[in-house]
Amino acid sequence: MITQLYNAVCSLVEVTDKNESHLAETHQILAFINKVAGQIKLLGLNASIEAVRAGSEGVVAEEIRKLANDSQDSTQRINNIIDLIKSSTSETLQFVKRIEETSKTFVNYLSKNIHFFEGFFFRMSKIHKEIICMSERG
């Protein structure tokens, strides 16, 4: 039972580590999206300049820039949320690692002292039997 607890804690450590890795990957994807949004913003600016040169208002170019700005704002909000998740995941990992270490210490303690407990229970059983025999005689 104790070994199962220790194994479960070890598995939790592994899963938490994987979550941190996935969060890092998500940051990379969002950085790419943000970069693309920045490039779209520049394209919108260039389209506005071209529209002015052509004598039009550049409504489409303005919409492109707004979309790029909205995309960058959204990626920033997502990054902020991911940072919060990463922070709480790191905190969870620290707690889990402490539990893992405590479980490991406890398992080692029990392993080293199992013979003491077996001997103790054997002696208690023997004493119990002697008490029953004495009470039956007496």
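Among the residues of the stretch 52-73, count how many are of a type in the set (Lys, Arg) and under 42 Å from the mean Cα position of the chain (by Cα).
Qualifying residue count for the region: 2.
Go through the residues of the stretch 59-79 one by one and say whether even a single one is in a helix (DSSP H, G or I), surrounded by 10 or more Cβ atoms within 10 Å (Cβ to Cβ) and in contact with a His (Cβ under 9 Å, 6 or more places away or on another chain).
yes
Take the conditions farther than 30 Å from Thr105 by Cα, assigned to a helix (DSSP H, G or I), among the aliphatic types (A, V, I, L, M) and touching a residue at least 60 places away in the same chain (Cβ under 8 Å) and apply them to Leu23. Does it pass?
So Leu23 passes the test.
If you go through the stretch 48-62 one residue at a time, do you hit one that is over 30 Å from Gln94 (Cβ atoms), at pLDDT 90 or above and charged (D, E, K, R)?
No: the stretch 48-62 contains no residue that is over 30 Å from Gln94 (Cβ atoms), at pLDDT 90 or above and charged (D, E, K, R).
The values are calculated or read from the model by the stated rules, or taken from the named source; none is laboratory data. On a predicted model such as this, the values are computed, not experimentally measured, just so you know. For neighbour counting, all protein chains shown are included, and Cβ atoms are generated from backbone atoms with ideal geometry for every residue, glycine included.
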